[in-house]
1. Checking B:Ala238 against (1) part of a helix (DSSP H, G or I); (2) farther than 19 Å from A:Leu117 by Cβ; (3) at the interface with chain A (Cβ under 10 Å from one of its Cβ atoms); (4) touching a residue at least 40 places away in the same chain (Cβ under 8 Å): exactly one of these is not met. Which one?
2. Which of the numbered conditions does B:Ile260 fail, given that it passes all the others? Conditions: (1) of a type outside the set (Gly, Ala, Ser); (2) in contact (Cβ under 8 Å) with a residue 60 or more places away in the chain; (3) within 22 Å of A:Gly109 (Cα to Cα); (4) more than 11 Å from chain A (Cβ to nearest Cβ).
3. Here is a list: A:Ala226, A:Ala198. Which entry is assigned to a helix (DSSP H, G or I) and out of contact with any Cys (no Cβ under 7 Å at 6 or more places or on another chain)?
4. Can you tell me how many residues in region B:45-66 are over 17 Å from A:Ala124 (Cβ atoms) and not in a helix (DSSP H, G or I)?
5. Go through region B:80-115 and give me each residue that's among the hydrophobic types (A, V, I, L, M, F, W, C), facing chain A (nearest Cβ under 9 Å) and surrounded by fewer than 18 Cβ atoms within 10 Å (Cβ to Cβ).
6. Quick check, is A:Thr10 modelled with pLDDT under 95, closer than 28 Å to B:Thr182 by Cα and touching a Phe, Trp or Tyr at 6+ places or on another chain (Cβ under 9 Å)?
7. Within region B:12-44, which residues are hydroxyl-bearing (Ser, Thr, Tyr) and either assigned to a loop (DSSP other than H, G, I, E, B) or on the phi > 0 side of the Ramachandran plot (or both)?
8. Would you confirm, using the coordinates I've provided, whether A:Gly172 is touching a Pro at 6+ places or on another chain (Cβ under 7 Å) and in a helix (DSSP H, G or I)?
Amino acid sequence: MKKRSLRSATATQTFLWGWALILPTIVGLTVLNIIPLITTISQSFHKTGDFGRGNIFIGLKNYQKLFSDQAVLQSIINTLKYTIVQVPFSVFIALVLAVMLNREIKGRGAYRTIFFLPMVVAPAAIAMVWRWLYNTEFGLINNLFNLKISWISDPAIAVYSIAIIGIWSDIGYNMILFLAGLQEVPRDYYEAADLDGASIFQSFRHITVPMISPILFFVIVTRMIAAMQVFDTIFMVMEQRSNPAMYKTQSLVYLFYQSSFVERDFGYGSTIVVVLLVLIMAITAIQIIAQKKWVHYN
Amino acid sequence: MRKRSLIHSLLLHAILIGVSLTMLIPFVWMVLTSFKTPGQAIQLDPYVFFPTQFQFNSFIRVFTTNNFLNLYKNTLLLIFFRILCAVVTASMAGFAFGRLKFKGSELAFSLVLVQMMIPSQIFIIPQYQMISKLGMTNTTFALVFPGLVSAFGTFLMRQAYKILPKDLEDAAKIDGLNIGKTFLYVLAPLTKSSLVALSVFTAVFAYKELMWPMIVNTSKDSLVLASALAKMKGQYVANYPELMAASLIACVPMILLYFIFQKQFIEGIATSGGKL
């Protein structure tokens, strides 16, 4: 009897300490994230006045407007184009580099440091430099290679120019994650494959990729979620409004920013961002289902 | 065999050096341009790669007209308070979630997961409306606001506490320490490396943030480095030496820190990402 009350006294204590310690985080998350999540979804069904004054319930009107809004539909296409180029390239190049650096090699640390460098620089500064590099008339790229390409004002290619910046920025980060994964792959697997006469490409395909598939999956999923939210580079690189390529480059998050904080239409902004959420969740769900076919956990 | 491996290694280094150049050239170009005169930067025949003489005018002009000292200060305050909040709240919650079994903890932890899974833009409008209703725009508090607590940090610290050996608590109990003291004096000191990782991660991402600072802090005195660059972009449309000088001033402190604390940076960002 005594023992039991002692145990329940400890349990009560644990309960009180537990809740006291998580309280700041839980209150914070509720105020900063859970309530805003509900508010945003609710606002997407409202026509909003300034600062919530005169919110009028309009049902699905915002959504109807959105799905007949050419600019939004185009921005979804732009976002997907960016993602489809940025993610595979930044992942594949990073994986190849990680395999190259996963051995005793001179300058390994220096290469790692250089590749990772863009990760610690503000995208605002990175975008500023790239805008200058891309300049049609005076930019380094066109003058170095004697080209006349309008990298960021030609509607047909601007979104890919933005994707190149994204690839350049992410390679080092992805590579570091892959390097950590590769260190877990036992050396003798490669030696055995070597003895069997497997080429580098065969070992890559049949040992490296399956062995690090969990981390590969993680990187692809998180990179796709991040790519779907591209904003900084587009905002900084593209000349607003006057750029003829803007329409075919602006992302969903860019339109969200424009609608919400330039045009001050919070209701429509909320609608755009809810659509973004649904898109991201759908793409992630597809990947989680598809992973069963190629990811090996052991 | 030996010859083959030599060619192999030469090829390997050729590729790696090529990629290194691709990563470095934008930064080199930023430096070179910032020392040119505006005329030199847009000279075509012949195209100027290296400035004939290094001149600091752009730096001086950009630094004084934009009050960069103030921008550094605002950015530093943002980073400092974000780290402080993340380290304190995430340690507490991480310990509770990782070491204590109590009613409701699983439900509470699901809030952490929900926050981590949802794109942050979802929260921005209501967060802005709160700051605006409080009349707190253009303050340091507004900058820190979305990072008052850290779901990601809680997740990371929970992992850090989980892997500590179980007998630590038993020993503390024998010494008569209560749960709070066990947390503070016995377990928390053992999570240093995770706290460093969390701090680096928090600092870098606070420094890189653009949209939130741009929305809440619009007055000239309350800008941070990233949002100030965004504003400058419109002001000096064609003056590239000044734009490059400003970008350089904005990114040099973090780059220097990175070179000094390489290991902590790479591990901090990568292990944080890897554990997500």
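1. (1)
2. All conditions pass for B:Ile260, except number (2).
3. On the way: A:Ala198 fails: assigned to a helix (DSSP H, G or I).
Exactly one residue qualifies, and that residue is A:Ala226.
4. Of the residues in that region, 12 qualify.
5. Once the filter is applied, which keeps residues that are among the hydrophobic types (A, V, I, L, M, F, W, C), facing chain A (nearest Cβ under 9 Å) and surrounded by fewer than 18 Cβ atoms within 10 Å (Cβ to Cβ), region B:80-115 yields B:Val88, B:Val114.
6. Numbers: modelled with pLDDT under 95: yes; closer than 28 Å to B:Thr182 by Cα: yes; touching a Phe, Trp or Tyr at 6+ places or on another chain (Cβ under 9 Å): no.
No: the conditions fail for A:Thr10.
7. Filtering region B:12-44 down to residues hydroxyl-bearing (Ser, Thr, Tyr) leaves B:20, B:22, B:33-34, B:37.
Matches in region B:12-44: B:Thr37 only.
8. Considered against the rule, which asks whether it is touching a Pro at 6+ places or on another chain (Cβ under 7 Å) and in a helix (DSSP H, G or I), A:Gly172 comes out as yes.
The values are calculated or read from the model by the stated rules, or taken from the named source; none is laboratory data. Being a predicted model, the structure only gives us computed values, none of them experimental. Don't worry about glycine lacking a Cβ; one is built from the backbone with ideal geometry, like all the others, and counts go over all protein chains shown.
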